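Structure first, then comments.
The values are calculated or read from the model by the stated rules, or taken from the named source; none is laboratory data. Predicted, not measured: the structure shown is a model, and the values here were computed from it. Methodologically, a virtual Cβ is constructed for each residue, glycine included, from the backbone with ideal geometry; neighbour enumeration extends over all protein chains shown.
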Amino acid sequence: MRPRIVLKFGGKSLSSVDKIHDIKEIIIHYKKSGFDVIAVVSAMGNTTDQLLSLAQSISKAPPKRELDLLVSVGERISMTLLTISLVDAGHQAVSFTGSQSGIITSTAFTDARILEVRPSRIEAALGRGHVAVVAGFQGVSIDKEVTTLGRGGSDTTAVALCHALRASKACFFKDVGALYTVNPYRDSSAAPIDFIDYDGALRLLENEARPLLHLRALALAKKYYVPLEIFSTSASKKMYIPGTVIVSGLPMDASLATIEDSEALSSIQTPNPYR
């Protein structure tokens, strides 16, 4: 079996058609390097904020169920456009929503937890040699409702799929291509960190209003020993060289039960992203 890799692309990396074509080339690079690729995507640019603003222009307190249905559209746009780009370039690819990917969640609209991952359709697509392009940030609840995982939840999608599909690592492509000693936007003395463990990364990011990686994704990676790498999409010469590696050095846990348990997440406070 070919090694598998999860590539996660954030909204800024998908903010234009030209950038979608750039991401296509990154995926093709890994495919030609011998990997089966699972690409997890966020919504393009500010799409989620625009959809929320639209809802709030109609109602000051829109129902959370309807908000989840609304904002889940953003990632679906990204996944289909990227898949079309790959197919147009002559590469087999297929897109999946969160529910089609088998991401089963709790019933908490706007801030659901992943309970289980059943990625049978992704497994089948990889077996046929396809790139699997997955809408991050979303899943389906045990009540069969569309749910979202909270702001930054696409990172958590990537880690959960990396574990469930036994991929070798999850790679995050960011405009800021590394973790830094301090916030590089606020302090010019910030220095990139080449290597850090999960606890160190959590401590570094827990006080950030919008951390570079979703804190729940880090907690999940720590629980299952999922290796993480952060790459830059802002300079081609750095595109395939990780700016930061986050790993414990221990083997991956084989268990797939109860993906996001409440005890592991009890110390991580995530505000309602739709307030």
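General observations
- Residue 51 being assigned to a helix (DSSP H, G or I), among the aliphatic types (A, V, I, L, M) and touching a residue at least 60 places away in the same chain (Cβ under 8 Å): no
- Just so you know, in segment 181-233 the residues that are touching a strand residue (DSSP E or B) at 6+ places or on another chain (Cβ under 9 Å) and of a type in the set (S, T, N, Q) include one that is farthest from residue 169 (Cα to Cα), and it is 181.
- Residue among 80, 105 that is touching a Ser or Thr at 6+ places or on another chain (Cβ under 6 Å) and buried (at least 20 other Cβ atoms within 10 Å of the Cβ): 105
- The listed residue being more than 19 Å from residue 213 (Cα to Cα) and not acidic (Asp, Glu), out of 160, 108: 108
- Test: residue in segment 159-173 that is surrounded by 14 or more Cβ atoms within 10 Å (Cβ to Cβ), more than 19 Å from residue 239 (Cβ to Cβ) and β-branched (Val, Ile, Thr): yes
- Some residue of segment 6-21 being in contact with a Leu (Cβ under 7 Å, 6 or more places away or on another chain), surrounded by fewer than 23 Cβ atoms within 10 Å (Cβ to Cβ) and closer than 27 Å to residue 146 by Cα: yes
- Any hit, segment 63-79, residues being closer than 30 Å to residue 1 by Cα and more than 19 Å from the chain's Cα centre (by Cα): no
- Residue selected from segment 22-45 under the condition under 16 Å from the mean Cα position of the chain (by Cα) and not aliphatic (A, V, I, L, M), by the criterion surrounded by the most Cβ atoms within 10 Å (Cβ to Cβ): 42
- Considering segment 169-194, the residues that are basic (Lys, Arg) and within 15 Å of the chain's Cα centre (by Cα) include one that is farthest from residue 10 (Cα to Cα), namely 169.
- Matching option when the condition is surrounded by fewer than 17 Cβ atoms within 10 Å (Cβ to Cβ), modelled with pLDDT of 95 or more and charged (D, E, K, R), among 75, 116, 66: 66
- Considered as a group, the residues in segment 32-45 that are outside any strand (DSSP E or B) and touching a Gly at 6+ places or on another chain (Cβ under 7 Å) include one that is modelled with the lowest pLDDT, and that residue is 45.
- Complete set of residues in segment 54-72 that are assigned to a helix (DSSP H, G or I) and touching a helix residue (DSSP H, G or I) at 6+ places or on another chain (Cβ under 7 Å): 55, 67, 70, 71
- Some residue of segment 138-156 being among the acidic types (Asp, Glu), closer than 19 Å to residue 112 by Cα and under 17 Å from the mean Cα position of the chain (by Cα): yes
- Segment 74-118, residues that are of a type in the set (A, V, I, L, M), outside any strand (DSSP E or B) and in contact (Cβ under 8 Å) with a residue 24 or more places away in the chain: 77, 79, 81, 82, 86, 89, 108, 112
- Among all positions in segment 195-208, there is at least one residue which is buried (at least 16 other Cβ atoms within 10 Å of the Cβ), closer than 21 Å to residue 12 by Cα, touching a residue at least 24 places away in the same chain (Cβ under 8 Å) and touching a helix residue (DSSP H, G or I) at 6+ places or on another chain (Cβ under 9 Å).
- Scan of segment 120-148 for residues that are farther than 18 Å from residue 95 by Cβ and outside any strand (DSSP E or B), ordered by number: 142, 143, 144, 145
- The set of residues in segment 220-249 that are modelled with pLDDT under 95, under 27 Å from residue 113 (Cα atoms) and small (Gly, Ala, Ser) comprises 248, 249.
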